[in-house]
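The values are calculated or read from the model by the stated rules, or taken from the named source; none is laboratory data. This is a predicted model, so every value here is computed, not measured. Reconstructed Cβ throughout: ideal geometry from the backbone, glycine too, with neighbour counts over all protein chains shown.
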Amino acid sequence: MILNPEPNRYAGGQPDMQALQSLASDGLKHVINMRPHAETPDLAPADMAASAGLSYWNLPISGPGDLTRDNAQALDDKLAQIGDEPVLIHCASSNRVGAMMALRAAWLHQVNPDGALDLGERYGLTKMRPMVEAMLK
């Protein structure tokens, strides 16, 4: 399932080639993959994105240890570079996407913790919510 939590921002689990092609035909320009390469040894996500005409960037978030200010800053920098162009940010389920978007909002954009958590949920934050909530206190 692909979420559309903000204008030109999409989030979801691992897309297949058909989904990428469909999103590209609807105007998607970029893909940010938060899955480490070890999670997808039989996939070539960069090649899939390129085949669909999309730019690709990997920000591997393996788990709670990667929920860092440095990774939030790297994500923020990439989103600033992308600007208003449509982007899909994905992991396996969108949980890590939601976690990083919540942390980015709170740490870098001064969104209050409740607002950041709400944003994270719109991006797919589920099981990591207690960890993120604790990090924002």
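Taking the stretch 35-47, which residues are closer than 12 Å to HIS90 by Cβ and either without any contact (Cβ under 8 Å) to a residue 12 or more places away in the chain or in contact with a strand residue (DSSP E or B) (Cβ under 8 Å, 6 or more places away or on another chain) (or both)? Result: ARG35, PRO45.
Among the residues making up the stretch 1-34, those that are surrounded by 21 or more Cβ atoms within 10 Å (Cβ to Cβ), touching a Pro at 6+ places or on another chain (Cβ under 8 Å) and either assigned to a loop (DSSP other than H, G, I, E, B) or free of Cβ contacts under 8 Å to residues at least 24 places away in the same chain (or both) are LEU28, MET34. Do we have any residue at all in the stretch 50-65 that's within 24 Å of LYS127 (Cα to Cα), in contact (Cβ under 8 Å) with a residue 60 or more places away in the chain and in contact with a Leu (Cβ under 9 Å, 6 or more places away or on another chain)? Checked the stretch 50-65: no residue is within 24 Å of LYS127 (Cα to Cα), in contact (Cβ under 8 Å) with a residue 60 or more places away in the chain and in contact with a Leu (Cβ under 9 Å, 6 or more places away or on another chain).
The single residue among SER51, SER94 that is hydroxyl-bearing (Ser, Thr, Tyr) and under 17 Å from ASN4 (Cβ atoms) turns out to be SER94. Just wondering, is there one or more residues in the stretch 48-69 that are of a type in the set (Ser, Thr, Tyr), assigned to a loop (DSSP other than H, G, I, E, B) and out of contact with any strand residue (DSSP E or B) (no Cβ under 9 Å at 6 or more places or on another chain)? Looking for residues that are of a type in the set (Ser, Thr, Tyr), assigned to a loop (DSSP other than H, G, I, E, B) and out of contact with any strand residue (DSSP E or B) (no Cβ under 9 Å at 6 or more places or on another chain), one finds at least one in the stretch 48-69, hence yes. The C-beta contact set for the stretch 71-84 (first residue closer than 12 Å to ILE61 by Cα, second residue surrounded by 11 or more Cβ atoms within 10 Å (Cβ to Cβ) and of a type in the set (Phe, Trp, Tyr), distance under 9 angstrom, 6+ apart or interchain) comprises ALA72/TRP107.
Checked against the criterion of being touching a helix residue (DSSP H, G or I) at 6+ places or on another chain (Cβ under 8 Å), within 29 Å of MET17 (Cβ to Cβ), surrounded by fewer than 18 Cβ atoms within 10 Å (Cβ to Cβ) and at pLDDT 95 or above, the candidates SER51, SER93 yield just one match: SER51. Remark: PRO86 falls outside the filter, which requires a residue to be farther than 17 Å from PRO7 by Cα and not β-branched (Val, Ile, Thr).
With the requirement that a residue be outside any loop (DSSP other than H, G, I, E, B) and more than 18 Å from the chain's Cα centre (by Cα), what does the stretch 106-132 give you? PRO113, ASP114, PRO130, listed by residue number.
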